[in-house]
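In what follows, a single structure is set out as structure tokens and then discussed.
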Amino acid sequence: MSNISSKTFSIILIVLGALNIFVGINVGFGGIATLGLQGQTEFFEVTNETVFLMRDSHTRYFGGLYFGIGLFLIPASTNLRKYHTALNLIFALIFIGGLARFTMMRFDIIFGPDIIGSLLVELVLMPVLYFWLMKILKSPVPEVK
């Protein structure tokens, strides 16, 4: 695998990291309603404040996870050999998250214009990155640093 391939892979990780940081900030600091960085936030009315606050706390936690994943992806892009196990775990977890979208059983939403980009990243790009990383690691070409 060429050094160009490793550099391209690393650039993709940096972009994914930045996107995860963006989503993490939006959800982690905004909760269910989000900060609005991804669009309109007025889409529900709270009828049970206690339950809402509990679920909002969980949503903020998930936002923090995305933020943390983003923070990890950026430095991991500098040493693929060192971080390959964690990268593969992240690729697998994001893939599983993409599969979980299907539990809503609303294919008009899942395959709609607002979700399809994320779904393609989760279900297509993650396996591509997994196998691409395997190919890079089999290469004797020096690591991108």
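The values are calculated or read from the model by the stated rules, or taken from the named source; none is laboratory data. In this text, all values refer to a predicted model and were calculated from it rather than measured experimentally. Backbone-built Cβ (ideal geometry, glycine too); neighbour counts: all protein chains shown.
A single member of GLY39, GLY24, GLY31 is touching an Asp or Glu at 6+ places or on another chain (Cβ under 6 Å) and under 18 Å from GLY63 (Cβ atoms), and it is GLY31.
Residues that are at negative phi and not in a helix (DSSP H, G or I) within region 24-38 comprise PHE29, GLY30, LEU35, LEU37, GLN38, listed in sequence order. From the list LEU93, LEU119, LEU133, which one is in contact (Cβ under 8 Å) with a residue 60 or more places away in the chain and closer than 24 Å to GLY68 by Cβ? Exactly one of LEU93, LEU119, LEU133 is in contact (Cβ under 8 Å) with a residue 60 or more places away in the chain and closer than 24 Å to GLY68 by Cβ, namely LEU133. SER77 falls short of the stated requirement of being of a type in the set (Gly, Ala, Ser), farther than 22 Å from LEU19 by Cα and touching a residue at least 60 places away in the same chain (Cβ under 8 Å). For first residues located in region 38-67 and more than 13 Å from VAL27 (Cα to Cα), partners that are of a type in the set (Ser, Thr, Tyr) and surrounded by 13 or more Cβ atoms within 10 Å (Cβ to Cβ) and lie 6+ apart or on another chain with Cβ distances below 9 Å do not occur.
Considering only region 64-81, I want to know if a residue exists there that is more than 20 Å from ILE14 (Cβ to Cβ), at pLDDT 95 or above and not small (Gly, Ala, Ser). Checked against the condition, which is being more than 20 Å from ILE14 (Cβ to Cβ), at pLDDT 95 or above and not small (Gly, Ala, Ser), region 64-81 yields no hits at all.
Restricting attention to region 85-103, the residues that are surrounded by 14 or more Cβ atoms within 10 Å (Cβ to Cβ) and under 14 Å from LEU13 (Cβ atoms) add up to 5. Quick check on region 39-51. Is at least one of its residues in a helix (DSSP H, G or I), surrounded by 15 or more Cβ atoms within 10 Å (Cβ to Cβ), of a type in the set (Asp, Glu) and out of contact with any Leu (no Cβ under 8 Å at 6 or more places or on another chain)? Scanning region 39-51, I find no residue that is in a helix (DSSP H, G or I), surrounded by 15 or more Cβ atoms within 10 Å (Cβ to Cβ), of a type in the set (Asp, Glu) and out of contact with any Leu (no Cβ under 8 Å at 6 or more places or on another chain), so the answer is no.
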